[in-house]
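What follows is a short report on a single structure.
The values are calculated or read from the model by the stated rules, or taken from the named source; none is laboratory data. Computed from a prediction, not measured in an experiment: that's the story for all the values here. So basically every Cβ, Gly included, is an ideal-geometry build from the backbone, and we count neighbours across all protein chains shown. Surface accessibility is based on the protein's heavy atoms, side chains included, excluding ligands, DNA and RNA. Shrake-Rupley method; radii C 1.70, N 1.55, O 1.52, S 1.80 Å.
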Amino acid sequence: MVTLGFLIALEIAARHYGLPGPITTQVQEVVVAPQSGFLLYASMALMMVVLTWRQRFIAVGVAVGIDVIILLVRWALDAEVTHGHPFGNGALWVILGYGVIAVTRRTGAERILLLKGVGLGLLLVAGRKTGDTWLLITSKTRPEVLDQYVATADHALGNPSWLVGRMVTATGPIGAHFLDSVYTQLAVAAVFVALYQLRNVAADRRFPGHHLVRTFLVIGLLGPGIYVLFPVVGPIFAYGADGGHWAVSNLWPNTTPPVIAPHHMSFDEITPRNCMPSLHTAWATAIFIHSRKGPRFLQFAGAFWLIATLAATLGFGYHYGADIIAGVVFTLTIEAALRALDRGWDRSGIQLVAYGATVFAALLVSYRYLSMQMADHPWVFGPLLILAMASVIHGYVRTTERWEPKTAPVRQPEPLPEPV
């Protein structure tokens, strides 16, 4: 009910600005070309963790069949797809169809389990839609941005967005296209890790207490609220050509901005204020954390996705280095809170979450009110920023290692006396 109320509130907010909200756009994708067909099929894959293998094959076949039929109808009507993907509707139909089956053909625990699977799939899609609506709200409600403060503070970190931006530009279109693929399909990567974590749901007939999807959704729920409190558009808009006449000047990525007293700056009502913290970094960090308990190939994939996402967020000029640090601290604090909630709050859990929240708040305050001091003394504040992030990482690793169940050592049988 809380989720439904939140979606309705966002729908009303979007309607206030004359645009469809998350509920409307989701309903439209039953027929119109979806924004991301890959995401819809990934959502269906999450839903299918509650199904048997036979049911999974049937579900995939039905989804593909529906997509083929819709594709043929569009071809017959000469309805060309101009936005999004020409596939994915079938996956959404299957998810909704299993919701109907759960209500009409299942009872008791089986109904609840199937509804949980359907809800998990729909929540992943709804998370994307609510994010889009939040971005609209940030651009409409925050006419001024704080980019000058963050860019000034970023001098303490060596202006990493400018450095990585020049590196990505040097790779040409091939490197940029590769990083863009990683950046845009982050949710699909998360599904692969989540599918590994949820691989035993069909056999156990229950979900694990904590998994990646929970962290993903909470990051997406809380992060945009910080966007509203600390609106930042990013280097490519505030200091690059993409900002047009709203930009301070066209400096990114070739020329680092000068150290001058920062001010609030007005910006357009279109560009999302979605930089602080970097939620792509937050989500990639969550994927990395949850991939650590998987097989080796999944661990490598989690590390690769984190590194590639960091390269994309900085190299495309979407984020400052300060956003990255805040995103890592943000994720570790949320992950610690969810794990503490799952196992039962204790002193170590409360201390870890309180410490992470304090460091995150201190980062935002320092970016806003100490940016000039940070730029003037980079050899002091740069290491302090890294140390603050590292202290949260250390606290998380040390605390969660104590939370892991201890396996009793295997008792070795005592040697038998040799026969005489």
Looking at the range 296-309 only, could you name the residues that are in contact (Cβ under 8 Å) with a residue 40 or more places away in the chain and not polar (S, T, N, Q)? 298, 301, 302, 305, 308
Subset of the range 261-292 [free of Cβ contacts under 8 Å to residues at least 24 places away in the same chain and more than 25 Å from the chain's Cα centre (by Cα)]: none
Quick count over the range 208-245, residues being open to solvent by 10 Å² or more (accessible area, probe 1.4 Å) and part of a loop (DSSP other than H, G, I, E, B), is 6
Whether any residue in the range 168-190 is outside any helix (DSSP H, G or I), at pLDDT below 90 and of a type outside the set (D, E, K, R) is what I want to check. yes
Kindly check whether there is at least one residue in the range 188-205 that is buried (at least 19 other Cβ atoms within 10 Å of the Cβ), of a type outside the set (Val, Ile, Thr), in contact with a helix residue (DSSP H, G or I) (Cβ under 9 Å, 6 or more places away or on another chain) and more than 18 Å from residue 295 (Cβ to Cβ). no
Can you find even one residue in the range 367-386 that is crowded, with 18+ Cβ neighbours inside 10 Å and either within 23 Å of residue 208 (Cα to Cα) or among the basic types (Lys, Arg) (or both)? no
Residue under evaluation residue 148, criteria (1) in contact (Cβ under 8 Å) with a residue 12 or more places away in the chain; (2) of a type in the set (S, T, N, Q); (3) over 28 Å from residue 383 (Cα atoms), criterion not met: (3)
Selection from the range 360-401 of residues that are more than 15 Å from residue 329 (Cβ to Cβ) and either polar (S, T, N, Q) or touching a strand residue (DSSP E or B) at 6+ places or on another chain (Cβ under 7 Å) (or both): 371, 373, 400
Of all residues in the range 164-175, count the ones that are open to solvent by 20 Å² or more (accessible area, probe 1.4 Å), touching a residue at least 24 places away in the same chain (Cβ under 8 Å) and of a type outside the set (Lys, Arg). 3
Across the range 361-379, what is the number of residues that are in contact (Cβ under 8 Å) with a residue 40 or more places away in the chain and either touching an Asp or Glu at 6+ places or on another chain (Cβ under 8 Å) or not acidic (Asp, Glu) (or both)? 12
Might you let me know whether the range 248-262 holds any residue that is closer than 20 Å to residue 141 by Cα and crowded, with 20+ Cβ neighbours inside 10 Å? no
If I filter the range 339-347 for residues that are among the hydrophobic types (A, V, I, L, M, F, W, C), in a loop (DSSP other than H, G, I, E, B), out of contact with any strand residue (DSSP E or B) (no Cβ under 9 Å at 6 or more places or on another chain) and in contact (Cβ under 8 Å) with a residue 40 or more places away in the chain, do I get at least one hit? no
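Table: residues versus (1) modelled with pLDDT under 95; (2) within 15 Å of residue 356 (Cβ to Cβ); (3) in contact with a His (Cβ under 9 Å, 6 or more places away or on another chain).
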{"site": "387", "(1), (2), (3)": "no, yes, no"}
{"site": "392", "(1), (2), (3)": "no, yes, no"}
{"site": "400", "(1), (2), (3)": "yes, yes, no"}
{"site": "407", "(1), (2), (3)": "yes, no, no"}
{"site": "420", "(1), (2), (3)": "yes, no, no"}
Go through (1) in a helix (DSSP H, G or I); (2) modelled with pLDDT under 95 and name the single condition residue 294 misses. (1)
